[in-house]
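These notes concern the structure reproduced below.
All of the numbers you see were taken from the coordinates with simple rules; none came from a lab. As the structure is a computational prediction, the values presented were derived from the model and not from experiment. Cβ sites come from the backbone with ideal geometry, for glycine too, and all protein chains shown count toward neighbours.
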Amino acid sequence: MEDKIIDNELPDEELLEEEIAEEIDDVDTELEDEDDAASEYNDSAAQYAELEDALSEANDKYLRLFAEYDNYRKRTAREKADTYSNAAAKCIETLLPVIDSFERSLEAECSDDNFKNGMSMIFGQMKDFLTKMNVTEIEALGAEFDPNFHNAIQQLEDTDYASNHVCQVFQKGYMLGDKLIRPAMVAVAV
């Protein structure tokens, strides 16, 4: 085109149209390249957002699974401790009538001192076993009546004890740690 202008000739309309079309194509190509770059950027941003959402969801699932496992572990440990405690309580509860019988037999008259001493030693061993198992006797006589630890089977008037206090013990009560094994069977002063 410059050559034609230098020769003082006017360019052909067709040539001008062709050059304009080429320049328009070049501009369109540049715009398409920019659109492709913008589209790639938008695609990358969308992919990044999708990956971020997937990571967040996976992290949430992990945290929930970890919390569920931790709760399971604590629950099974608690159940195991409760099972042991319940089994020990049941065993000791079964043994208590034997201890009651030993106490009554030691209170009975016996002419054979060797026999009585042997029974006392066996009873001492049973008491030591209860102590090792953390079994304690419920203090009842003279204590204020507590329905959580005492089973009142009788009310007595004219006693030396204050009202609502245990005045007689028929059967001793026992605790295993903080757990009640057997309440004390008592009479309460009115």
Sum -39500 (n - 2.57) across every DSSP H segment of at least 4 residues in the chain, then divide by the residue count to get the 222 nm mean residue ellipticity, nearest 500.
-23500 deg cm²/dmol
Report ³J(HN,Hα) in whole Hz for each residue of segment 129-137, in order, from the Karplus equation J = 6.51 cos²θ - 1.76 cosθ + 1.60 where θ = phi - 60°; Gly and Pro get x.
4, 4, 5, 5, 7, 6, 9, 10, 7
Take the Cα pairs of segment 80-172, get the Kirkwood Rh, then feed it into Stokes-Einstein at 37 °C and 0.692 mPa s and tell me D in µm²/s.
207
Taking the chain, how much of its Cα-Cα pair set, in percent, is spaced more than 20 angstrom apart?
77
Once amide H atoms are placed 1.01 Å from N in the peptide plane, what residues at a sequence separation of 5 or more from residue 143, or on another chain, have their amide H within under 5 Å of its amide H?
166
Could you give me the ³J(HN,Hα) list for segment 149-159, computed from phi with Karplus coefficients 6.51, -1.76, 1.60 and θ = phi - 60°, whole Hz, x at Gly and Pro?
10, 10, 10, 7, 10, 7, 10, 10, 9, 6, 10
What is the distance, in nm, between label points placed 7 Å from the Cα along the Cα-to-Cβ direction at residue 72 and at residue 29?
6.3
How big is segment 135-190 on each of its three principal axes, counting only the C-alpha atoms and giving the largest first in Å?
35, 16, 14
For segment 47-60, Karplus-derived ³J(HN,Hα) couplings (6.51, -1.76, 1.60; θ = phi - 60°; whole Hz; x for glycine and proline) come out as 4, 4, 5, 4, 5, 5, 5, 5, 5, 4, 5, 5, 5, 5
Full extension between residue 136 and residue 19 adds, at 0.36 nm per residue less the Cα distance, a length in nm of 31.2 nm
Exceeding the 20 Å Cα-Cα cut-off - candidates 90/116; 80/179; 80/172:
90/116; 80/172
Cleavage-rule hits (GluC sites (Glu not before Pro)) in segment 90-190: DSSP loop, at most 16 neighbouring Cβ within 10 angstrom
109, 139, 157
For the pair residue 86/residue 56, report the inter-label distance in nm, with labels modelled 7 Å from Cα in the Cβ direction.
4.5
Considering only DSSP states other than H, G, I, E and B, which trypsin sites (Lys or Arg not before Pro) in segment 121-184 qualify as loop sites with at most 14 other Cβ atoms within 10 Å?
none
Using modelled amide H (1.01 Å from N, peptide plane; none on Pro or chain starts), what sits under 5 Å from the amide H of residue 171, excluding residues fewer than 5 places away?
185
